[in-house]
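Chemist: Take this structure, written in structure tokens, and hold onto it; I'll ask about it next.
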Amino acid sequence: MSETNNVMLEVQDLTIRFGGLVAVNAVNFQVQKGSIFGLIGPNGAGKTTLFNMISGVYKPTSGKVLFDGQEIQGKPAYKVNSLGIARTYQNINLFKKMTVLENVMVGCHSRTHCGLFASVLRTPAQRKEEKEVVEKCRDILEFMDLGDKADFLASNLSYGEQRRLEISRALASDPKMILLDEPAAGMNGAEKEELQRTIRKIADKGITVLLVEHDMKLVMNVTHQICVISFGKRIGYGTPEEIQQNPDVIEAYLGGGLDV
Amino acid sequence: MNQNTVLTQQKGAAFWKKNRLSIIAIAVLCVAAAVMLRTRYLAMILDFICIYTIAVTGLDLLFGYTGQVSFGQAGFYAIGAYTSALLSKNLGVPPILSIFIGALLATVFGVIIAFPASKLVKHFLSLLTIAFGLMVYTFVNSCSALTGGPSGITGIPKVSIFGLELGSYQSYFWLVAILMVLVLITKKNIINSRVGRAFIAVRENPHAAAGMGINVAKYKIMAFAISAFAAGLAGALYAHMIRFISPDTFTKDQSNMFMTMLLFGGIATMSGSVIGAAAITVMTELLQQFAAYQTLIYAVLILIVLFLLPNGTVGLFSKLKAAVRKRGQKRKPGKEGTPQ
Ligand SMILES: Nc1ncnc2c1ncn2[C@@H]1O[C@H](COP(=O)(O)OP(=O)(O)OP(=O)(O)O)[C@@H](O)[C@H]1O
Ligand SMILES: [Mg+2]
């Protein structure tokens, strides 16, 4: 029991089928609270599909997802978010016609309460909440180094900035755990360095990080534990050092992808 | 003290600078309204503009902000009109009350429609809303015992407030104008709130909206309910203005007119629904002798909008404004990016 208390996320025999394809096949892993956990594997391995099951986009065919001791598999995405899981997307999914600040403000949705009538009447409570939301979101944008872009349209940001905005928006929902799906994709070297620091800073805030990333240098540098999947199956599980020695993993990457 | 006055003056100047176009526009509109109110016919047109603006504003929250298309707004418009007409005429409910009961009943239907609608997108949603409008039309046309069938309802009571009877188009203007302003303020407050951000998020990316904790179906239903309330309110106000209703008013042409007004004025803007309602109302009046071609005219207008003015008339104005600004700023170098 005392062990489970340190586990933020536990995935048990998680499986999903799309027609004949078993995209994720009986995968198990545990993510410790406050840790940075890497999920890697070749293209099409099933990483994003795993994220989609954890975050409530897909309902698994079988298996369990335990978040902070509670079963969450099959819950709708908006409920999963309010329980404390926020995510970013591999194919950037920003609200393009909203400003950078507004995007982050949407992220506060599950932590705020004012409904239709409070908004129409602009009650004092509603105005106070709005003010707090703006302040909180500006702080997050400063933290993510986007402070001076607050009034830009999201679609006018550079690729790297859009990825940082996705993280900002996710942070706005005060998550206990954040899922980052290839946050370094499309970033240049300097941006990747900065991202590495940011991921550490997020973990320092006590937020558990689950990271899907193809950049092996980044993954090996920043994670505490790694799970490797290939064709939907787990083929390796351990610390970055262990993973780099694992013959199955080296084989799956054909010796090419694991150069650190 | 002195400093305070200076500060207030500065604030005032800043406010003026930021909003001068809106202020000038509102002032011009007030003068125009005052002139028009002197003629009965022109007052009637003003009343129509206010009533249509209310309905179009609701449609904008649904379509412009939440991305849910509806070609069945005439159904809600009819429910508001018939409910208020019947309650006030047959049961003696004061019109000022029955108008709101009509709007609320339309809202109930909005919620009922929204449950299946929230699961549909694009053309399926269009079909569902067209079917809804058609169902309401068929009902009022054939259920003669209740609605008077094709011959409609005559002698709908006049609205009176505190014993003051709003019998003329001129006096009715004050009622519809005040309600229109309230509806516009409501819209402004909604779009600048958590609810409005949820609407826009649902429109922009329902997937990501759900990921950020937004119950997408709930907000789609809410938007439907709001648009139904506005259309129902407008319909009830129409009934007590003309004091005669018949199914002819509530055909799909009416739904198409609301959509044309919205697209022509510009979706997802504050002034778009007013401009669209005013322009199309005036245009329809001017082209009275081509009434048979009304649908054709709307279709042409929509095509013009789609191909030439994707952001409606409002978009054209802001483009002009931006162009004028750009000329003014040409000498200032170093302006990077495009904020806003
Ligand atoms: N909704 C779906 N319907 C059918 N097949 C799907 C669906 N989603 C994912 N798949 C399939 O599941 C497999 C795993 O895809 P997934 O996107 O999870 O891979 P990934 O590990 O994230 O790959 P990448 O590194 O390229 O992002 C792929 O074969 C994909 O085609
Ligand atoms: Mg992926």
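The values are calculated or read from the model by the stated rules, or taken from the named source; none is laboratory data. It should be emphasised that the depicted structure is a prediction, and the values quoted were computed from it without experimental measurement. Methodologically, a virtual Cβ is constructed for each residue, glycine included, from the backbone with ideal geometry; neighbour enumeration extends over all protein chains shown. Quick note on the areas: whole protein, heavy atoms, side chains included, nothing else; ligands and nucleic acids left out. Shrake-Rupley method; radii C 1.70, N 1.55, O 1.52, S 1.80 Å.
Chemist: Roughly how big is the range B:162-247's charge dipole about its Cα centre, with Cβ charges of +1 (Lys, Arg) and -1 (Asp, Glu), in debye to the nearest 20?
Modeler: With only Lys, Arg, Asp and Glu charged at Cβ, the dipole is about 320 debye.
Chemist: Now a separate question. Cα atoms only, the protein assembly as shown: Rg and Dmax in Å?
Modeler: Cα only, the protein assembly as shown: 28.5, 90 Å (Rg, Dmax).
Chemist: If you place +1 on the Cβ of every Lys and Arg and -1 on the Cβ of every Asp and Glu, how big does the dipole about the Cα centre of the protein assembly as shown come out, in debye to the nearest 20? Mind dumping the intermediate values first?
Modeler: Working: 58 positive and 39 negative charges, 400 e Å.
My answer is approximately 1920 debye.
Chemist: In addition: Tally up the carbon and sulfur contribution to the accessible surface of chain B as a whole percent, 1.4 Å probe, everything protein left in place.
Modeler: 69 percent
Chemist: Lys and Arg at +1, Asp and Glu at -1: add these up for the other residues within a Cβ distance under 14 Å of B:P95 and post the number.
Modeler: +2
Chemist: Next question, about the same structure. Let me check against my output: what whole-number percent is the relative contact order of the range B:71-183, with C-alpha pairs under 8 Å and at least 6 apart?
Modeler: Numbers: 103 pairs, mean separation 34.2, N = 113.
Computed value for the range B:71-183: 30 percent relative contact order.
Chemist: So what's the net charge close to B:I191: Lys and Arg +1, Asp and Glu -1, counting the other residues with Cβ under 14 Å from its Cβ?
Modeler: Summing Lys/Arg as +1 and Asp/Glu as -1 gives +3.
Chemist: At 7 Å along the Cα-to-beta-carbon direction for both A:Q90 and B:L127, put a label point, then send me their distance in nm to one decimal.
Modeler: 3.3 nm
Chemist: Hey, if you put +1 on the Cβ of every Lys and Arg and -1 on every Asp and Glu Cβ in chain B, which of B:G149, B:Q254, B:V216 ends up farthest toward the positive end of that dipole?
Modeler: B:V216
Chemist: Relative contact order, percent, of chain A when contacts are C-alpha pairs under 8 Å separated by at least 6 residues?
Modeler: Result for chain A is 26 percent.
Chemist: Evaluate E = 1/(1 + (r/R0)^6) for B:A145 and B:L182, where r is the Cβ-Cβ distance and R0 equals 25 Å; express this FRET efficiency to the nearest 0.05.
Modeler: The computed FRET efficiency comes out at 0.10.
Chemist: Roughly speaking, what is the stretch gain from A:L21 to A:R200, that is 0.36 nm per residue apart minus the C-alpha to C-alpha distance, in nm to one decimal?
Modeler: 60.8 nm
Chemist: Simple spin-label model, 7 Å along Cα-to-Cβ: B:L306 to A:K59 in nm?
Modeler: Once both label points are built, they end up 3.7 nm from each other.
Chemist: Any chance you could get the radius of gyration and Dmax over the Cα atoms of chain B, in Å?
Modeler: Using the Cα atoms of chain B, the pair Rg, Dmax is 21.4, 73 Å.
Chemist: Please give the residues of the range B:152-194, grouped as numeric ranges, whose backbone N is less than 16 Å from a label point set 7 Å along the Cα-to-Cβ vector of B:C30.
Modeler: The answer is B:174, B:177-178, B:181-182, whose backbone nitrogens lie closer than 16 Å to the label point.
Chemist: Measure off, as a whole percent, the carbon and sulfur share of the 1.4 Å-probe accessible area of the range A:92-159, all protein chains present.
Modeler: Answer for the range A:92-159 is 54 percent, counting heavy atoms of protein chains only.
Chemist: Please give the helix B:272-286 orientation as an angle from the longest Cα principal axis of chain B, in degrees from 0 to 90, rounded to the nearest 10.
Modeler: 50 degrees
Chemist: What percent does the relative contact order of the range B:17-111 come to when contacts are Cα pairs within less than 8 Å and at least six residues apart?
Modeler: Computed over the range B:17-111, the figure is 18 percent.
Chemist: With every protein chain present, what is the per residue accessible area of the protein assembly as shown (1.4 Å probe, Å²)?
Modeler: Normalised by residue count, the accessible surface of the protein assembly as shown is 47 Å².
Chemist: Moving on. Enumerate the lysines that B:K326 could reach by cross-link, defined here as Cα to Cα under 30 Å, with residues fewer than 8 away along the same chain left out.
Modeler: Of all the lysines, those that pass the test against B:K326 - Cα under 30 Å, at least 8 places apart if same chain - are A:K96, A:K97, A:K149, B:K11, B:K17, B:K18, B:K188, B:K335.
Chemist: I need the P(r) histogram for the range A:199-254: all alpha carbon pairs, bin width 10 Å from 0 out to the longest distance, whole percents.
Modeler: P(r) for the range A:199-254, in whole percents per bin: 21, 54, 20, 4.
Chemist: Another one. Interface size between chain B and chain A, please: total buried accessible area, 1.4 Å probe, rounded to the nearest 100 Å². Could the numbers behind the result be given before it?
Modeler: Working: alone 18590 and 12680 Å², together 28450 Å².
Counting protein atoms only, the buried area is about 2800 Å².
Chemist: Run through every distinct alpha carbon pair of the range A:92-159 and return the Kirkwood hydrodynamic radius in angstroms, one decimal place.
Modeler: On the way: mean 1/r = 0.0782 Å⁻¹.
One over the average 1/r among Cα pairs gives 12.8 Å for the range A:92-159.
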